[in-house]
1. Examine region 10-22 for a residue that is among the hydrophobic types (A, V, I, L, M, F, W, C) and either in contact with a Pro (Cβ under 7 Å, 6 or more places away or on another chain) or loosely packed, with under 13 Cβ neighbours inside 10 Å (or both), and state whether such a residue exists.
2. Quick one: what pairs do we get from region 72-83, first residue touching a residue at least 24 places away in the same chain (Cβ under 8 Å) and under 15 Å from Leu47 (Cα atoms), second crowded, with 22+ Cβ neighbours inside 10 Å and of a type in the set (A, V, I, L, M, F, W, C), C-beta under 6 Å, 6+ apart or different chains?
3. Of the numbered conditions (1) in a helix (DSSP H, G or I); (2) within 24 Å of Arg93 (Cβ to Cβ); (3) modelled with pLDDT of 95 or more; (4) among the hydrophobic types (A, V, I, L, M, F, W, C), Val27 satisfies every one except a single condition; which is it?
4. For region 41-75, which positions are buried (at least 17 other Cβ atoms within 10 Å of the Cβ) and either touching a Phe, Trp or Tyr at 6+ places or on another chain (Cβ under 6 Å) or of a type in the set (Phe, Trp, Tyr) (or both)?
5. Please work out which one of (1) part of a helix (DSSP H, G or I); (2) within 11 Å of the chain's Cα centre (by Cα); (3) of a type outside the set (Lys, Arg) is the condition Thr60 fails and give its number.
6. Say we look at region 23-35 and pick out the residues that are in contact (Cβ under 8 Å) with a residue 24 or more places away in the chain and exposed (fewer than 14 other Cβ atoms within 10 Å of the Cβ); which of these is nearest to the chain's Cα centre (by Cα)?
7. Among the residues of region 97-115, is any at pLDDT 75 or above and either outside any helix (DSSP H, G or I) or exposed (fewer than 10 other Cβ atoms within 10 Å of the Cβ) (or both)?
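The values are calculated or read from the model by the stated rules, or taken from the named source; none is laboratory data. Predicted model, so just to flag it, every value in this text is computed and none were measured. Cβ sites come from the backbone with ideal geometry, for glycine too, and all protein chains shown count toward neighbours.
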Amino acid sequence: MKLSITFRQMNPSKAIKEYANEKVSRVQRHLRKPADATVVLSMERYLHVADVTITAGAQTYKGREESDDMYASIDKVIDKIGRQIRKAKGTVRAKKKSAAGLAEAGGEEAEAEAEGERASAMTE
């Protein structure tokens, strides 16, 4: 995973950098493809803001959270992106499941028609 962490209007801290790296790395296990992540940590007046963008293949997940504590902002934004990833995975699974169900149902109908034709041919 390629990770880029940027600090704006605040001094970079090794502890915050490691914390953000750890949290974003956990999200990688839910993704199917290798991801590139951009984390921007900044201060707006008295609020700590965390912007995270994760790109995996054609999918892009974005989140922005602000709070009084930088660690809390990072936690909130990672939770938000985790929900986005789970929602996207659920959509893909539902599409695959419905496609498999349609193919299976189509196969059953064709078998029923073939049996009906065989039965009518035997009675003639």
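1. Yes, region 10-22 has at least one match.
2. Qualifying pairs under 6 Å: Ser73/Ala50; Ile74/Ala20; Ile74/Ala50; Val77/Ala50; Val77/Val52.
3. (3)
4. Leu41, Ile54, Tyr61
5. The failed condition is (1).
6. Looking at residues that are in contact (Cβ under 8 Å) with a residue 24 or more places away in the chain and exposed (fewer than 14 other Cβ atoms within 10 Å of the Cβ), I get Arg32.
7. No, the conditions are met nowhere in region 97-115.
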